[in-house]
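Working notes for the structure below.
Only the coordinates and a few stated rules stand behind these numbers; no lab work does. All of these numbers come straight from a predicted model, not from anything done at the bench. Please note: Cβ atoms are built from the backbone with ideal geometry, for glycine as well, and neighbour counts cover all protein chains shown.
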Amino acid sequence: MAKPTVQVENDRVIVTEWRFPPGGHTGWHRHNHDYVVVPVTTGELHIFDGKTTVPAPLRAGVSYARQIGVEHDVINPNSFEFVFVEIELKPSQA
């Protein structure tokens, strides 16, 4: 399994470093917040949406964002460890 390490959590964000060994995966999950992913490693991850698996090429330092509600399993098909940082954005308490 991929290993999550929460680095920061407060009333605004959750910052988690994800480390995927070769063949590692997150397990099926649903995102409860909008989020941004910042790849630390360059390579490809596979995204399984419950029906199909889609390759997702990623490059270190090139971020992307997704909205709340995404459901998937993220898999590392590489022969090396893959690392990214995920920043979840909690709703404003205003």
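Summary table below
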read-out: 3J(HN,Hα) from dihedral phi, segment 39-44, Karplus parametrisation 6.51/-1.76/1.60, rounded to Hz, x for glycine, proline; value: x, 9, 10, 9, x, 10
read-out: Kirkwood Rh, Cα atoms: Rg over Rh of segment 1-44; value: 0.96
read-out: Gain upon complete extension [residue 68, residue 56; 0.36 nm per residue less C-alpha separation]; value: 2.4 nm
read-out: Sites residue 44 and residue 15, calculated FRET efficiency, Cβ-Cβ separation with R0 30 Å, nearest 0.05; value: 0.80
